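Working notes, structure below.
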Amino acid sequence: MSQRFQNDVAVVTGGGAGIGAATCRRLAREGAHVVAVDWDGESAEETVDAIHRDGGPESLAIETDVSDESAVAEMADRVDERFGAVDALVNNAGIRVDPKPVTEADEASWDRVLDVNLKGTAFCSKHLVPLIDDGSGGAVVNVASVGAGWARENWAQYDATKGGIVSMTHDMACDHADQDIRVNAVSPGWVITEYHVGDRTGQAAREFVDEKTTRGGSDENILERAAKPDELAAAICFLASDEASFLTGVNVPVDGGASVI
Ligand code: NAD
């Protein structure tokens, strides 16, 4: 595998599971010191243990709730103390809330989904972007969703946060261009993670993942299947790398063509 992130420092929120864990593993395989941030500290530790077991670069797990600004500020201080600078920030942590129309959504669920998805992305950017050296070609990748651009029943709360992330991406790209920091987003379609596997274990879990990620496993996109987390990690790492040096402010759908049908 190429070493596009040799000696870089990459911070990935929601690094304990799913797309975030796959992104941490890929960044480390490509040479980065990874900081896996997750409010589930054990899962972040597991990601980092796996990196070290594979002989990857020295990496760090930090238990942090991205929706808590003072906790995010402390996390950024720890990153600064340990590594001194950041080259890539992946704002991936996100939650879903029970799907319902706006007319039925209560204030508590609005607060929860806005706090984690939208304000979490803002807080991590606020405290970690200043650790990216001016002129070093650093990058931020925000994880949105195809839902940001779709009209669909009952997803207004989640989709509103993801639409906000896409808008924030456009404007952050302008705000940080003179520091040579690029800011882009990816919008995943359906990606099979531990969340979808649910209670299934062993052979049943493997068969479920195989079925959904093989052509015929989904009717929502051109490829007619769900993605594996590694396929999102590949796109995120491309945007974070110097190979994407002329891409900023864009939202890349990684959705098997779902957004064009
Ligand atoms: P996941 O639930 O498998 O993993 C999310 C990780 O984020 C978990 O480890 C969780 O503990 C962590 N997390 C959640 N809230 C947090 C908080 N407040 N602070 C710190 N960590 C927190 O999710 P996933 O499917 O890998 O999704 C990752 C991102 O991709 C999310 O932003 C999600 O909205 C987006 N996305 C996923 C899909 C999909 O089909 N899987 C589709 C579109 C968008």
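The stretch 1-149 gives an Rg/Rh value of 1.00, both radii derived from C-alpha positions and Rh following Kirkwood. This ranking places Glu220, Glu104 by how few other beta-carbon atoms lie within 10 Å of each, fewest first, which gives Glu104, Glu220. Sorting 90-102, 118-130, 24-36 by average packing, meaning the other beta carbons within 10 Å per residue, from highest down gives 24-36, 118-130, 90-102.
Summary value for the chain: 19 percent relative contact order, contacts being C-alpha pairs under 8 angstrom separated by 6+ residues.
According to the calculation over all Cα-Cα pairs in the stretch 1-55, the P(r) per 10 Å bin from zero is 31, 57, 12, 0 %. Looking at the chain, the DSSP beta bridges with both ends there are about 0 percent antiparallel. Both radii were evaluated on the Cα set of the stretch 117-261; the Rg over Rh quotient, with Rh as the Kirkwood radius, amounts to 1.02.
The stretch 168-249 gives an Rg/Rh value of 1.14, both radii derived from C-alpha positions and Rh following Kirkwood.
Can you grab the distance from the C-alpha centre of the stretch 23-37 to the C-alpha centre of the stretch 114-158, Å, no decimals? Here the two parts' Cα centres lie 19 Å apart. Summarising the amide proton neighbourhood of Lys100: residues at separation of 5 or more, or on other chains, whose placed amide H is nearer than 5 Å comprise Ala156, Gln157. Loop-resident chymotrypsin sites (Phe, Trp or Tyr not before Pro) (DSSP state other than H, G, I, E or B) in the stretch 152-261 with no more than 15 further Cβ atoms inside 10 Å of their Cβ: Phe246. Taking other Cβ atoms within 10 Å as a rough exposure proxy, Leu247, Leu232 sort from fewest to most as Leu247, Leu232. In terms of its alpha-carbon gyration tensor, the chain comes out rounded; the largest-to-smallest axis ratio a/c stays below the 1.5 threshold.
Every read-out reported here was derived from the displayed coordinates using simple, explicitly stated rules and does not represent laboratory data. The model shown is predicted, which means the values in this text are computed figures rather than measured ones. Ideal geometry is used to build each Cβ from the backbone, glycine not excepted, and the neighbour counts take in all protein chains shown.
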